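Where a number appears in this text, it was derived from the coordinates with a stated rule and is not lab data. Computed from a predicted model, the values in this text were never measured in an experiment. Neighbour counts run over all protein chains shown; Cβ positions are idealised from the backbone, glycine included.
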């Protein structure tokens, strides 16, 4: 609703027309506090009613209403496939966004294969057993 709309408010059995646009900040703040004080007990009452209904349905609290979460399956460790020759501690598994060092090297004319890590003999053996 637009601020310049006129709202009808019933207070103590008297009807008052309120033009929100013409009200001062203090008057608007007072109106907001009045509305909040009227809404608070109504919200509490409604919340209690809903919690009572959940108990009747056999759900003790709101957390029980959520779907049970299943554990994610375990993912295997991804070994790095590429190594930065300037800083050997920087590696990349070939997944996701390319690191800056790979982008810089590729822009300078090198190929991705230039950074390939040779698999260790242990990993090579495990790969052939499968």
Notebook entry, point to check: Each label point is 7 Å from the Cα along the Cα-to-Cβ direction; what then is the distance between the points at residue 107 and residue 53, in nm?
Noted result: 5.9 nm
Next item on the list: Express in nm, to one decimal, how much length is gained between residue 98 and residue 116 on full extension, taking 0.36 nm for each residue of separation and deducting their alpha carbon distance.
Entry: 5.1 nm
